[in-house]
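Report on the following structure.
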Amino acid sequence: MDPITDIFRTMHVTAFGQHRLEVTAPWGLIQEKRTEERVTPSGEKNSPTDLAHFAMLLRGNCWLTVEGIPEPIPLTGGDCFLLARETSIIMRDSQRTRPRSTFREIGAKAKSNVAHYGGGGAPTTIVCGSFSFDRGSLKPITQLLPSFILIKADQARTIALHSTIQALASEMAEQAPGSGVVATRLAEVLFIQLLRAHITAGPERNKGWLRAVFDPQLGTALSAIHNRVNTPWTVESLAEAAGMSRSAFAARFKELLGQTPLEYVTEWRMQKAMQLLQQRDKKLIDVARLVGYESDAAFSKAFKRVVGANTGEYIKRGFQGHGNAGTAP
């Protein structure tokens, strides 16, 4: 299994707030940074960094202004983007149009997941929604997710992405029995498709973890870790897998991933352990051995250090659950 697939299988993504915007010129919408905390059903407060938002133009044209990007971006039908870490944006029909409403305000007025807004001119249709991630998935998703991803309609490998968006829009429009569940599952698939399209768009875009994955030597070591997480890895054995000296491997690993090889091994073992614990059908010692620990005591100590809670607290609090909150994008 390659490391990217392993992360896709391990992370837990929940889609919410999907709706379709039918806007007519002139129109302008803004999303500003929000600093309020959200509260999960278990009563835990979460920072807004565990949210991402997506939007795709089904028809029409508009301009997108993204915080940190100096020039406005022209969008046309089929273009799609993903925002992370509460980045401020403005979407509007013309650069001269002043945004007068927020996405949250318009989304709150949506009927049957469809919201109408604007001055009655040229139409544009936007499908949008939000994602939340369980606490255990934040680190691996952060390794994959830049603050802004733009996938243009004419990019390669976007046919499946467009099909998913069309199916999502159809589910929101028809409101058939079970459409809410289907829409959520489609949005979760869309999240992976967006990341995959970004990853395959060109190695020059990749930084940090992704750059390490595609590095011929470090990528071999990362694949070894993800394929055999229960192996008693050492820096020496990982350097040997990478075909590098111990010192060169350790320095290169720290440079690209921001942590030591063994820190990475431990964190990924805990990611896999959280996945196993959520299945509720394995004894603690079995989970420990599956992720490379001979005793449940040693495993429990490492779990508490990395996750911030012991295994019993993790299961009891339901870290994988997040409430539906917020409005996209």
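Each value in this text was obtained by applying a stated rule to the coordinates, not by laboratory testing. Quantities reported herein were computed from a predicted structural model and do not represent experimental measurements. All Cβ positions, glycine included, derive from the backbone under ideal geometry; neighbour counts span all protein chains shown.
Points to keep in mind about this one:
- A crude spin-label estimate for the pair H116 and Q175, with each label 7 Å from Cα along the Cβ direction, gives 1.4 nm.
- Efficiency of FRET from Cβ geometry, T76 and L290, R₀ 41 Å, rounded to 0.05: 0.25
- Amide H to amide H distances under 5 Å link A55 with F81, where only residues 5 or more positions off or on other chains count and H is placed in the peptide plane.
- Fluctuation leader among P177, P261, P216 - the chain, Gaussian network, Cα springs under 10 angstrom: P177
- When the trypsin sites (Lys or Arg not before Pro) in the range 181-274 are filtered for DSSP coil states and for at most 13 other beta-carbon atoms within 10 Å of their beta-carbon, the remaining sites are K207, R228.
- Whole-Hz couplings from phi, Karplus 6.51/-1.76/1.60, listed for the range 104-120; x for Gly and Pro: 5, 5, 5, x, 5, 8, 5, 10, 6, 6, 10, 10, 10, 7, x, x, x
- Scanning the chain for long hydrophobic helices, with DSSP H runs required to stretch 15 angstrom or more by C-alpha along their axis and to average at least -1.0 on the Kyte-Doolittle scale, returns 159-174, 179-200, 216-227, 246-257, 261-277, 296-307.
- Of the peptides 306-313, 13-20, the order by per-residue mean of other Cβ atoms within 10 Å, starting with the highest, comes out as 13-20, 306-313.
- Expected-Rg normalisation [2.2 N^0.38 Å, Cα atoms] applied to the range 208-317: 1.12
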